[in-house]
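The values are calculated or read from the model by the stated rules, or taken from the named source; none is laboratory data. Quantities reported herein were computed from a predicted structural model and do not represent experimental measurements. Every residue, glycine as well, gets a Cβ built from its backbone with ideal geometry; the counts of neighbours run over all protein chains shown.
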Amino acid sequence: MTVDLGPAWLKSCGYPDSMGPSTLELPAETLISAIDNARRGVVTHITIKGERVAAIVSESTLAMSQLLIALLTSEMAASALPAVLPAAFPWARSLPDTDTHLKAFASELREAVVAESPERVGRVLNDWQAVAEVRAGERST
């Protein structure tokens, strides 16, 4: 069994007439699998190269996020964050006055994670990576 996803369906989803093959057929098993995956995770949207696309975040990724939030709300666990950041983000080794900057980076990252704000986490990571890259001479200001 297959599901016909022809031009009318593509157009109804907002795709232009000229996009893709004239008829797209997906095996029903693929569609059922996608639905099952969506049930086990969260369907969200991400932007890749300026294009908004649907994505499914798995239960295990959600569980890791929940664990990270729980850990970072603990002062004892959060105190280890500056020491482990260079292992997670090798570019962090290039931060100037590493100890002071790693503590500031860890503090900002912790606040963003605990606030459960993926956009804020992304900004913190991008900003600190830019600082590290400028320091390493990989990027100009």
task: Return a yes/no flag: does region 63-77 have any residue that is surrounded by 11 or more Cβ atoms within 10 Å (Cβ to Cβ) and touching a strand residue (DSSP E or B) at 6+ places or on another chain (Cβ under 7 Å).
output: no
task: Scan region 99-118 for residues that are hydroxyl-bearing (Ser, Thr, Tyr) and touching a helix residue (DSSP H, G or I) at 6+ places or on another chain (Cβ under 8 Å) and report the count.
output: 0
task: Could you give me the residue pairs with C-beta distances under 8 Å whose first residue belongs to region 116-141 and is touching a residue at least 12 places away in the same chain (Cβ under 8 Å) and of a type in the set (Asp, Glu), whose second residue is surrounded by fewer than 13 Cβ atoms within 10 Å (Cβ to Cβ) and in a loop (DSSP other than H, G, I, E, B) wherever it lies, and which are 6+ apart or on separate chains?
output: Glu133/Arg139
field: Near pairs, Cβ below 7 angstrom, 6+ apart or cross-chain, from region 57-68 (in the same structural domain as Val113 (by TED's automatic domain parsing)) to any residue that is surrounded by 11 or more Cβ atoms within 10 Å (Cβ to Cβ) and at pLDDT 85 or above
entry: Leu68/Val113
- prompt: So how many residues does region 119-138 have that are assigned to a helix (DSSP H, G or I) and exposed (fewer than 14 other Cβ atoms within 10 Å of the Cβ)?
  reply: 5
- prompt: Among the helices (runs of 4 or more DSSP H) contained in region 1-99, which hold 2 or more residues that are among the acidic types (Asp, Glu) and modelled with pLDDT under 80?
  reply: 28-40
